[in-house]
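Shown next, in structure tokens, is the structure this report addresses.
The values are calculated or read from the model by the stated rules, or taken from the named source; none is laboratory data. Since the model is a prediction, treat every value here as computed from it, not as a measurement. Virtual Cβ from ideal backbone geometry, glycine too; neighbours counted across all protein chains shown.
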Amino acid sequence: MSTPDYPAGADFILATWHGLSIIGAAMQTVRRAVIDVGTNSIKLLVADVTGHRVDPVYEDCRQTRLGQGLYATGKIQPQAITQTAIAIGAFITIALRYNASSIKLFATSAAREAKNADELKAALEQAVCLPVEIIPGEREAHLAYLGVRTDPAFEGKPLLIFDVGGGSTEMILGNGPHIQLQRSYQLGAVRLANELQHSDPPAPAELANCRQWLRDFVQRDIQPELKPALAQGAKAKGQPASGNPGTPDSLQLVATGGTSTVLACIQAGLPKYDRTKIDGMRLRLDQVRAIVEQLWQMPLENRKRVIGLPPDRADIILFGAAIYEALMDKLAMPDLCISTRGLRFGAVLEA
């Protein structure tokens with residue numbers, strides 16, 4: 001078969017045009033939605049995705065307390081399943097209104113641990129006519145890391161990320177596309193509220209007990225995994241253990257998830273969540289400690305009136321805030337950077 005006789009340079013032009021067409025197709029913007037079914041609340045993200053860029057279009061959060069009673073009975077309660085199904089249905093309607101081309105629905109800690117997880121999954125899928133993925137803890141950590149990295153400000157920086165949720169806390173150590181360590185711990189604000197006794201208002205001894213419990217947890221469960229990973233990272237670079245990438249001196253501690261954004265809103269005095277005002281905000285350990293001590297001295301009804309604290313989080317924030325205080329203290333991290341991106345932003349890349 002003869003080859004068409006193109007003018008000189010035509011092959012280059014055609015190849016270039018073909019390459020640009022492929023790139024253009026790969027970089028098309030797609031509008032997607034993800035619904036995150038957590039232990040304390042469910043959250044919706046509708047976003048425009050272009051390659052690895054994620055531009056949020058709409059976000060919402062509703063508290064359904066899926067984990068209510070879970071730690072006492074081992075099962076998710078029927079009322080919590082019903083409330084969650086209703087909220088998911090409302091979110092699906094919103095996502096369709098925003099013309100999302102796909103909707104991804106996943107569940108995290110409470111669903112992972114419940115003895116009746118299959119019942120929960122079947123009930124939700126029947127109610128909303130969408131598949132529900134119950135994701136493992138390490139996948140949750142991985143998606144949180146991907147989500148944080150959609151912010152160009154973190155590109156090329158060694159990061160230690162924590163996402164303190166209702167039932168679990170995810171920890172990720174990485175730099176750029178390379179993840180060195182990712183873990184999910186059975187540590188969360190709702191779980192801890194069920195684990196530790198607390199009065200209303202909490203007694204000073206109860207705060208002291210909570211702090212000691214958390215110090216013990218970090219020392220027993222987190223530090224033995226984190227320290228070798230940090231040392232290995234420094235050794236791989238042929239650098240001493242202090243003042244270099246991969247060590248606590250150069251790592252950026254990043255907090256993502258609802259607990260951290262509430263802390264940022266309280267510190268900034270924001271009456272309503274506004275990602276543009278808290279994304280990238282830094283909180284020092286002394287500021288986090290002051291918030292912890294302020295909240296633990298107040299009865300529940302007074303906490304509900306704290307600017308920046310949603311009233312429906314006023315009970316569990318005691319423990320979420322204390323977890324961050326303990327992490328910063330025991331890991332000798334003087335400040336943390338708030339990321340409003342995380343799990344859902346990572347999930348929407350794959351939706």
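Under the condition of being out of contact with any Gly (no Cβ under 9 Å at 6 or more places or on another chain), at pLDDT 95 or above and either farther than 23 Å from TRP213 by Cβ or of a type in the set (A, V, I, L, M) (or both), the residues counted in the range 134-177 number 9. Of the candidates THR73, THR39, THR64, THR3, the single residue that is surrounded by fewer than 16 Cβ atoms within 10 Å (Cβ to Cβ) and modelled with pLDDT of 50 or more is THR73.
If you go through the range 306-351 and keep only what is under 17 Å from the mean Cα position of the chain (by Cα) and part of a loop (DSSP other than H, G, I, E, B), you end up with ILE316, THR340, ARG341, GLY342, ALA351.
Using the structure shown, decide if LYS272 is outside any loop (DSSP other than H, G, I, E, B) and either at pLDDT 95 or above or in the same structural domain as GLY174 (by TED's automatic domain parsing) (or both).
On the way: outside any loop (DSSP other than H, G, I, E, B): no; either at pLDDT 95 or above or in the same structural domain as GLY174 (by TED's automatic domain parsing) (or both): yes.
Answer is no for this residue.
Could you check how many residues of the range 267-318 are within 16 Å of ASP335 (Cα to Cα) and among the hydrophobic types (A, V, I, L, M, F, W, C)?
Kept after step one, since they are within 16 Å of ASP335 (Cα to Cα), are these residues of the range 267-318: 267-268, 278-292.
Pick out the ones that are also among the hydrophobic types (A, V, I, L, M, F, W, C) and you get 268, 278, 281, 283, 285, 288, 290-292.
So the answer is 9.
Do the conditions hold for LEU187, that is, is it touching a helix residue (DSSP H, G or I) at 6+ places or on another chain (Cβ under 9 Å), at pLDDT 95 or above, part of a loop (DSSP other than H, G, I, E, B) and over 30 Å from GLN297 (Cα atoms)? It is false that LEU187 is touching a helix residue (DSSP H, G or I) at 6+ places or on another chain (Cβ under 9 Å), at pLDDT 95 or above, part of a loop (DSSP other than H, G, I, E, B) and over 30 Å from GLN297 (Cα atoms).
One residue alone among GLU119, GLU125, GLU140 is buried (at least 24 other Cβ atoms within 10 Å of the Cβ) and closer than 24 Å to THR73 by Cβ, and that residue is GLU140. Residue-level analysis places ARG97 outside the set of residues that are crowded, with 18+ Cβ neighbours inside 10 Å and basic (Lys, Arg).
Of all the residues that make up the range 201-226, how many are without any contact (Cβ under 8 Å) to a residue 60 or more places away in the chain and closer than 30 Å to GLN180 by Cβ? Of the residues in the range 201-226, 7 are without any contact (Cβ under 8 Å) to a residue 60 or more places away in the chain and closer than 30 Å to GLN180 by Cβ. A single entry from THR340, THR259 fulfils the requirement of being crowded, with 19+ Cβ neighbours inside 10 Å and closer than 21 Å to ARG65 by Cβ: THR259. Looking at (1) more than 14 Å from GLY174 (Cα to Cα); (2) at pLDDT below 95, which is the one condition that is false for ALA234? The number of the failed condition is (1).
Can LYS304 be described as over 23 Å from TYR58 (Cβ atoms) and either without any contact (Cβ under 8 Å) to a residue 12 or more places away in the chain or not assigned by TED's automatic domain parsing to the domain that holds PHE154 (or both)? Give the steps one after another, and end with the answer.
On the way: over 23 Å from TYR58 (Cβ atoms): yes; either without any contact (Cβ under 8 Å) to a residue 12 or more places away in the chain or not assigned by TED's automatic domain parsing to the domain that holds PHE154 (or both): yes.
Judged against the criteria, LYS304 is a match.
When only residues in the range 275-305 that are assigned to a loop (DSSP other than H, G, I, E, B) and over 23 Å from the mean Cα position of the chain (by Cα) count, which is surrounded by the fewest Cβ atoms within 10 Å (Cβ to Cβ)?
Just the residues of the range 275-305 that are assigned to a loop (DSSP other than H, G, I, E, B), to begin with: 279-281, 297-299, 304-305.
Remaining after also requiring over 23 Å from the mean Cα position of the chain (by Cα): 297-299, 304-305.
On the way: GLN297: 13, MET298: 17, PRO299: 12, LYS304: 15, ARG305: 10.
Here the residue is ARG305.
Taking the stated definitions as given, is GLU225 modelled with pLDDT of 95 or more, of a type outside the set (Lys, Arg), under 16 Å from ALA322 (Cβ atoms) and assigned to a helix (DSSP H, G or I)? Taking the combined requirement at face value, the residue does not satisfy it. Condition check for GLU195 on (1) assigned by TED's automatic domain parsing to the domain that holds GLY258; (2) in contact with a strand residue (DSSP E or B) (Cβ under 7 Å, 6 or more places away or on another chain): one failure, at (2).
Confirm whether VAL49 is in a strand (DSSP E or B) and more than 18 Å from the chain's Cα centre (by Cα).
On the way: in a strand (DSSP E or B): yes; more than 18 Å from the chain's Cα centre (by Cα): yes.
Criteria met by VAL49.
Only one residue in ALA87, ALA95, ALA100, ALA47 is at pLDDT 95 or above and in contact with a Pro (Cβ under 6 Å, 6 or more places away or on another chain), so which one is that?
Values: ALA87 fails: in contact with a Pro (Cβ under 6 Å, 6 or more places away or on another chain); ALA95 fails: in contact with a Pro (Cβ under 6 Å, 6 or more places away or on another chain); ALA100 fails: in contact with a Pro (Cβ under 6 Å, 6 or more places away or on another chain).
After applying the criteria, what remains is ALA47.
Has the range 89-107 got at least one residue that is closer than 30 Å to LEU214 by Cβ and under 15 Å from the mean Cα position of the chain (by Cα)? Give the steps one after another, and end with the answer.
Going through the range 89-107, the residues closer than 30 Å to LEU214 by Cβ turn out to be 106-107.
After this cut, where a residue has to be under 15 Å from the mean Cα position of the chain (by Cα) as well, the list is 106-107.
Within the range 89-107, one or more residues are closer than 30 Å to LEU214 by Cβ and under 15 Å from the mean Cα position of the chain (by Cα).
Just one of the numbered conditions (1) outside the structural domain of ILE35 (by TED's automatic domain parsing); (2) closer than 23 Å to ILE42 by Cβ is not true of LEU130; which one? In the conditions (1) outside the structural domain of ILE35 (by TED's automatic domain parsing); (2) closer than 23 Å to ILE42 by Cβ, LEU130 misses (1) alone.
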